[in-house]
Structure formats: C-alpha cells, structure tokens
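What follows is a short report on a single structure.
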Amino acid sequence: DALGFIDASLDRSLTTADIVAHVGLSHVAVGKMFRKKLGMSPQRYINNLKMDAARRLLESDRAFSVKEESAKLGFSSPAYFCNAYRHRWGRSPRS
C-alpha cells in the first residue's frame, strides 16, 4: 500500500509523514518496514524513484526545461532538483 501511494504521488513533494498518514502506522514502523523490505529509508526510496523518473524524462524528451521537470517531479525548487540529480547521477540534468 505504501509503495503504491508513493508511485501515485511522485508528482508532488512527499515525506515520510505523508506515508505514515496514508498507511496508518507509526513513523518508526514505516521506517523499519522500508529498511527490512527495501534496505533503505522511505525518503531515500522516494528520492531514488524521482531520480529514475527524471533520467527517463531527460532521455525520452529533452524539450522539458529543468524548471518544468523539477515541478513535474514535485521538487521544491529547480536548484534542489539539480543538486539531487547531480548527487545521484554524477552530472547535471542538462549535461
């Protein structure tokens, strides 16, 4: 249920608190569940999904600006998106 919720919510800023509210478990329980099943925190999982989606968008259609792409993926700012992309992929979104 949590993973489906995340997949359906990638277009907005999503936090562990949102997942907790959706599934009705405690913050600690959600964190333990993610670490046990996926080997990472909920926020790391969300960020990984967003970065994978960003890479697919860039590879499929370079018509999006960085600002449009960051908004489409629910990042709070294009600068934060660029930093996260660079951290994950080792290059900027437009290089």
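So what is the relative contact order for the chain, in percent, with contacts set as C-alpha pairs under 8 Å and at least six apart? Relative contact order comes out at 27 percent.
Could you tell me how far the Cα centroid of segment 6-43 sits from the Cα centroid of segment 57-90, in Å? Between the Cα centre of segment 57-90 and that of segment 6-43, the gap is 22 Å. The angle separating the long axis of helix 78-89 from the principal Cα axis of greatest extent in the chain is about 80 degrees.
Note on the chain: helix-only mean residue ellipticity at 222 nm, from DSSP H runs of 4+ residues weighted -39500 (n - 2.57) and normalised by residue number, equals -20500 deg cm²/dmol.
Surface composition of segment 37-83: carbon and sulfur atoms hold 52% of the protein heavy-atom accessible area at a 1.4 Å probe. Please give the contour-minus-distance gain from residue 38 to residue 76: 0.36 nm per residue of separation, less the Cα-Cα distance, rounded to one decimal in nm. Difference between extended and current length: 11.1 nm. Placing a pseudo-label 7 Å from each Cα along the Cα-to-Cβ vector at residue 26 and residue 67 gives an inter-label distance of 4.5 nm.
Note on residue 86/residue 15: beta-carbon distance plugged into 1/(1 + (r/R0)^6) with R0 of 25 Å gives a FRET efficiency of 0.70.
Roughly what angle does helix 42-60 make with the longest principal axis of the chain, taking Cα atoms, 0 to 90 degrees, to the nearest 10? Computed tilt is about 30 degrees.
Take the chain with all the other protein chains still there, run a 1.4 Å probe, and you get 59 Å² of accessible area per residue.
The values are calculated or read from the model by the stated rules, or taken from the named source; none is laboratory data. Keep in mind the model is a prediction, meaning the values are calculated, not measured. Ideal geometry is used to build each Cβ from the backbone, glycine not excepted, and the neighbour counts take in all protein chains shown. Just so you know, the surface numbers come from the protein's heavy atoms only, side chains and all, with ligands and any DNA or RNA stripped out. Shrake-Rupley method; radii C 1.70, N 1.55, O 1.52, S 1.80 Å.
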